[in-house]
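The values are calculated or read from the model by the stated rules, or taken from the named source; none is laboratory data. These figures come from a predicted structure and were not determined experimentally. Every residue, glycine as well, gets a Cβ built from its backbone with ideal geometry; the counts of neighbours run over all protein chains shown.
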Amino acid sequence: MPESPSREQILEAAQRLFAAQGFSATTIKQIGRAARVNTALLYYYFDDKERLYRAVLQRLMSGLVSRTLVPLESDAPPAVRMRGFIQAQVHTFMANPELPRLFMREMLDHGVAHAVDQIQHLAATSFKGLCDTIREGQRQGTFRTDIQPEFAAISSVAQVVYFFLARPAVRVLLGKEISTATVEAFARHVADFTLAALTSGIDVAPKPRPRRRS
């Protein structure tokens, strides 16, 4: 007999369906068919649909946090860490295109009732790290001090989220299919745009040393 599908296969099938249809419209039977498991096996892993849904949210958010924390915890200058964070965020969404759509559905349909724990986890990890990186740049004099770090962090995150959520509209606006190269170019743009806002009006170029009089 073939081996039973893994828990990961069930989560992947549920992730696709929840993102496409929402929590309420998705049934356990649909998930079982998509994962090619019977209902009994699905209930072996998850007590009910809500626990499965929360497990999907946790899986996605854990992946996002683990990838975006890597550049933020490096010893690189704040600007480099900011670029690394934005790239990590983009690459995570490229690998999991359902992630922004699923969380948007959760916000619209349930006011994040199912995702409070995951958002609090994000706030205590990646979001805090991003805010701390901005504050460090402000202390060093490389970032403007008249910008609230939390707002700047939300703005940098929101640019990437919107691009992936609005991908069909972006395709129409650009008049072409959204290729990997286009996504990578947009990631560089977000980093440039964010850092330009954070450094506007600040002279970060090294000052020339005064010449010695002979």
Those residues of region 1-19 that are touching a residue at least 12 places away in the same chain (Cβ under 8 Å) and farther than 17 Å from Q118 by Cβ come to a total of 9
Which fully enclosed helices (runs of 4 or more DSSP H) of region 74-193 have 3 or more residues being crowded, with 17+ Cβ neighbours inside 10 Å and modelled with pLDDT of 95 or more? 78-95, 128-140, 149-165
